[in-house]
1. Hey, G219 hits all of (1) under 25 Å from N114 (Cβ atoms); (2) touching a residue at least 12 places away in the same chain (Cβ under 8 Å) but one; which does it fall short on?
2. Any idea which residue in region 36-54 is surrounded by the most Cβ atoms within 10 Å (Cβ to Cβ), counting only those that are within 20 Å of A313 (Cα to Cα) and among the hydrophobic types (A, V, I, L, M, F, W, C)?
3. State yes or no: is E232 at negative phi, more than 22 Å from the chain's Cα centre (by Cα), of a type in the set (D, E, K, R) and crowded, with 16+ Cβ neighbours inside 10 Å?
4. Restricting to region 293-318, what's the tally of residues that are touching a helix residue (DSSP H, G or I) at 6+ places or on another chain (Cβ under 9 Å) and of a type in the set (S, T, N, Q)?
5. For region 306-334, give me each residue that is of a type in the set (S, T, Y), surrounded by fewer than 18 Cβ atoms within 10 Å (Cβ to Cβ) and touching a residue at least 60 places away in the same chain (Cβ under 8 Å).
6. Considering E209, E166, E226, which residue is of a type outside the set (K, R), within 17 Å of C271 (Cβ to Cβ), surrounded by fewer than 22 Cβ atoms within 10 Å (Cβ to Cβ) and at pLDDT 95 or above?
7. Here are the criteria: (1) over 23 Å from T289 (Cβ atoms); (2) over 19 Å from the mean Cα position of the chain (by Cα). Tell me which single one V180 does not satisfy.
8. If we scan region 297-305, do we find a residue that is outside any strand (DSSP E or B) and crowded, with 17+ Cβ neighbours inside 10 Å?
Amino acid sequence: MPFRVVQWATGAVGRYALRDVLARADLQLAGVLVYDPDKIGLDAGELVGAGPTGVVCTDDVERVLALDADCVLHMPLPSSYFDGSHGNDVETICALLASGKNVITTTGFVYPKNYGHRVLERIEAACARGGTSLHGTGINPGFMSDFLPLALSGLSSRIDHLYVRESSDFRGHPSRQIVVDLIGFTRSAKDYTAAVRPYRAFQRALFAESVQLVADALGVVLDEVEETDEFELATEEFEISAGLVREGTVCASRWIFSGLVRGRPFMTIECVYKADSTRVERWAEPGFTIHIEGVPQMTVAVEEVSHGLAAAAAHAVNAIPAVVTASPGIKTLLDLPLPTGRGTVRLA
């Protein structure tokens, strides 16, 4: 029997996930929740250029809660993007869990322990009530900044410092809400700091989860996770998918998250975001780098991921079987078997 799956939100990541679910024989689409009024009432297949599915998109949360489904792929914009708090997402996720549906989310929750005992207990109670599990994932965090460094650490006899760098190019990103309103590209230097305040709080919490997960997995007791950020201004005017970047406005930003032990960094995550990497020379070119300083010294470089949003979606979809069959409770990447692309191989 295929696992019955609900797709919650069909934005930049959700559309890829929906397409993946429809393409797999071991998964069956049970429902789709949308936020865009223009999508309500459409057949889910219309959203991704597929044939009719018989599943009609809805914005009715109660209707989704009442569905018979094994798992919900929860992929809206995180509520903390807007107010710096996970409150709304916690409420939604707990309702889904309590209704008997496992939840895989890309809104954080990679390591919910970081949210404190009250949130942790609330989620665990919802899991117990519904007999369900919660798993947070993505590409970064969820793979590059935690899963991959931990896998590489298995080759180490001594670790002095872990370093992870992401550099992403947003020129093709379709969402103005993310690129402009949240990340702050096209903002003036004067307006930037205030404009990205909620996003800064989200970033700090998100990557602190990743650093804390790695620290706990390696038996390291952190004193704090420190965050710093800076931005770059455009030297010329250029166009990206999300809009016009004018000369003198913000066109790139660099964020650093350091897990400190007695003032010394145990782990550093660097995130470089560029409106268009061909127009911004400062900082690293697009791609990922994982470096372990120690014995042996290791560096793994991943060239630019051409479809990073698709990778984030696939990592969530590929985790469905393990999450659905897991015992109830919060399940981090430390608790689940290796998610693979089983069922995705296409040979000519």
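1. With (1) under 25 Å from N114 (Cβ atoms); (2) touching a residue at least 12 places away in the same chain (Cβ under 8 Å) applied to G219, the lone miss is (2).
2. Checking each candidate, the answer is A44.
3. yes
4. Total satisfying the criteria: 1.
5. Result: S327, single match.
6. None of the others qualify; the one that does is E226.
7. Unmet condition: (2).
8. For region 297-305, residues outside any strand (DSSP E or B) and crowded, with 17+ Cβ neighbours inside 10 Å: present.
The values are calculated or read from the model by the stated rules, or taken from the named source; none is laboratory data. All values reported here derive from a predicted model rather than from experimental measurement. Cβ: placed from backbone, ideal geometry, glycine included. Neighbour counts: every protein chain shown.
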